[in-house]
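Asks: My questions all concern the structure below.
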Amino acid sequence: MKPKLIPLQYEKPSLPEVAARARSFFEVMNRRRTVRDFSPARVPAGVIEDLVRAASTAPSGAHRQPWTFVAVSDPVIKRRIRIAAEREEHENYGGRMPEEWLRALEPLGTDEHKPFLEIAPWLVVLFRQNYGLGPDGEHVRHYYVSESVGIAAGLFLTAVHQAGLVALTHTPSPMGFLREILKRPDNETACLLMPVGYPAADARVPDLRRKPLEDVLQILREQDSAQRP
Ligand code: IYR
């Protein structure tokens with residue numbers, strides 16, 4: 001079957017404009033921080049809807065969009081999630097995580113107590129759909145699910161940041177309790193629990209440094225291949 005292709009909607013910026021936008025967006029993103037101290041200040045549901053609209057523009061394997069976002073502001077459900085998450089984290093910090101892992105977490109100052117799960121106005125849980133469900137309940141294959149969901153998560157965090165809100169990527173593993181509490185179907189697995197809201201007035205964050213560019217980027221220019229035998 002011949003696919004129906006439509007013209008790309010695209011306006012070409014000048015090269016100086018491209019360079020300026022690339023720099024200024026880096027500066028915006030470089031101010032993003034993972035936050036654990038939340039304000040209880042309310043965020044309207046419509047804002048969360050737009051953040052998920054942005055996240056759901058992510059490219060995905062065969063355009064299957066294999067994700068479900070569940071956004072919770074109900075205090076009763078938030079409490080259930082906190083209790084279940086802290087139960088798992090109690091096991092994690094109390095012996096399930098090896099010494100090496102605990103030492104790696106020391107600079108973050110995390111522990112088994114997760115008050116932000118009740119304080120943040122929204123808990124956004126990202127589920128991966130391991131396969132889809134067709135109109136008659138038949139299984140639909142999904143492709144590159146981890147990659148697709150990872151990209152959607154990145155776009156969601158970017159949208160949160162550029163809206164002027166903060167988020168935490170929380171992974172209270174194992175996360176099976178989220179499918180139960182949120183009553184999600186068998187084809188879905190929770191992969192991220194993201195409290196979203198405003199930071200507390202006195203929020204503090206670890207003094208982390210990002211890797212220098214040389215450690216994360218290798219550039220191979222045309223002349224580089226000519227110099228090699
Ligand atoms: N899930 C635990 C432990 C934890 C693990 C990693 I890897 C982190 O980057 C941070 C925390 C917790 O949320 O405390």
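The values are calculated or read from the model by the stated rules, or taken from the named source; none is laboratory data. Here the structure is a predicted model, which means the values were calculated and not measured. Don't worry about glycine lacking a Cβ; one is built from the backbone with ideal geometry, like all the others, and counts go over all protein chains shown. Each accessible area value is taken on the protein alone, full model and side chains, heavy atoms only, with ligands, DNA and RNA left out. Shrake-Rupley method; radii C 1.70, N 1.55, O 1.52, S 1.80 Å.
Asks: For region 181-229, report the accessible area per residue in Å² (1.4 Å probe, heavy atoms, rounded to an integer).
Replies: Working: 4020 Å² over 49 residues.
Accessible area per residue: 82 Å².
Asks: Also: Report ³J(HN,Hα) in whole Hz for each residue of region 7-17, in order, from the Karplus equation J = 6.51 cos²θ - 1.76 cosθ + 1.60 where θ = phi - 60°; Gly and Pro get x.
Replies: Result, ordered by residue: x, 5, 8, 7, 10, 7, x, 5, 4, x, 5 Hz.
Asks: Using DSSP to define loop residues, name the GluC sites (Glu not before Pro) in region 7-47 whose beta-carbon has at most 14 other beta-carbon atoms within 10 Å. Write down the numbers at each step before the final one.
Replies: Numbers: sites: GLU11, GLU17, GLU27; in loops: GLU11.
Taking region 7-47 and a limit of 14 other Cβ atoms within 10 Å, the loop GluC sites (Glu not before Pro) found are GLU11.
Asks: Express in % the proportion of alpha carbon pairs of region 4-46 at distances exceeding 11 Å.
Replies: Tail fraction, whole percent: 79.
Asks: Taking only protein heavy atoms into account and a 1.4 Å probe, give the accessible area per residue of region 1-152 in Å².
Replies: With all protein chains present, region 1-152 gives 67 Å² per residue.
Asks: Considering amide H positions built from the backbone, and no H for Pro or chain starts, which residues 5 or more places from CYS191, or on another chain, come under 5 Å of its amide H?
Replies: LEU126, PHE127, ARG128
Asks: ARG87 to VAL28: FRET efficiency via 1/(1 + (r/R0)^6), r the Cβ-Cβ distance, R0 41 Å, to the nearest 0.05?
Replies: 0.65
Asks: State the answer as a single residue: which of ALA19, VAL76, PRO174 lies farthest towards the positive end of the charge dipole of the chain, with beta carbon charges of +1 for Lys and Arg and -1 for Asp and Glu, about the Cα centre.
Replies: The residue sitting farthest along the positive end of the dipole is ALA19.
Asks: Residue-wise, which Karplus ³J(HN,Hα) couplings in Hz belong to region 125-133, taking 6.51 cos²θ - 1.76 cosθ + 1.60, θ = phi - 60°, and x for glycine or proline?
Replies: For region 125-133, the Karplus curve yields 9, 9, 9, 8, 9, 5, 8, x, 10 Hz.
Asks: Hey, got a sec? Which GluC sites (Glu not before Pro) in region 53-143 land in a DSSP loop and have at most 13 other Cβ atoms within 10 Å? If you can, show how the numbers build up before the last one.
Replies: Details: sites: GLU86, GLU88, GLU89, GLU91, GLU99, GLU100, GLU112, GLU118, GLU138; in loops: GLU112, GLU138.
Passing both the DSSP loop test and the Cβ count: GLU138.
Asks: Need one number for region 148-209: average projected area of the convex hull over its C-alpha atoms, nm². Intermediate results must be reported in sequence, preceding the final value.
Replies: Values: hull surface 23.8 nm².
Quarter of the Cα hull surface area: 6.0 nm².
Asks: LEU220 accessible area, nearest 10 Å², 1.4 Å probe?
Replies: The value for LEU220 is about 110 Å².
Asks: With charges set only on the Cβ (+1 for Lys and Arg, -1 for Asp and Glu), what does the dipole of region 35-200 come to about its Cα centre, in debye to the nearest 20?
Replies: With only Lys, Arg, Asp and Glu charged at Cβ, the dipole is about 340 debye.
Asks: I'd like the FRET efficiency for GLU147 and ALA201, computed as 1/(1 + (r/R0)^6) with the beta carbon distance as r and R0 of 45 Å, rounded to 0.05.
Replies: 0.75
Asks: Moving on. Could you tally the net charge around ALA58, taking each other residue with its Cβ under 12 Å from the Cβ of ALA58, Lys/Arg +1 and Asp/Glu -1?
Replies: Here the count lands on +1.
Asks: Relative contact order (percent) for the chain, with alpha-carbon contacts under 8 angstrom and 6 or more residues of separation?
Replies: Value for the chain: 31 percent.
Asks: For the chain, with all protein chains present and a 1.4 Å probe, just round the carbon and sulfur fraction of the accessible area to a whole percent.
Replies: 54 percent
Asks: Between region 103-125 and region 156-229, how many Å separate their Cα centres?
Replies: Their Cα centres are 14 Å away from one another.
Asks: Now a separate question. Kindly provide the trypsin sites (Lys or Arg not before Pro) of region 166-229 that DSSP labels as loop, not H, G, I, E or B, and whose Cβ sees at most 11 other Cβ atoms within 10 Å.
Replies: LYS183, ARG204, ARG209, ARG210, ARG221
Asks: Would you grab the residues whose amide H sits under 5 Å from the one on LEU133? Only those 5+ places off in sequence or on another chain, please, with H modelled 1.01 Å from N.
Replies: VAL140
Asks: Could I ask something else about it? Where the centre of each part is set by its Cα atoms, how far does region 141-155 sit from region 41-67, in angstrom?
Replies: Here the two parts' Cα centres lie 12 Å apart.
Asks: Dividing the convex hull volume of the Cα atoms of region 35-200 by its residue count, what figure in Å³ per residue is obtained?
Replies: 124 Å³
Asks: In whole Hz and in residue order, list the ³J(HN,Hα) couplings for region 49-65 that follow from phi through the Karplus curve 6.51 cos²θ - 1.76 cosθ + 1.60, θ = phi - 60°; x for Gly and Pro.
Replies: For region 49-65, the Karplus-derived couplings read 4, 5, 5, 6, 4, 5, 4, 6, 7, 4, x, 8, x, 6, 6, 8, 6 Hz, x marking Gly and Pro.
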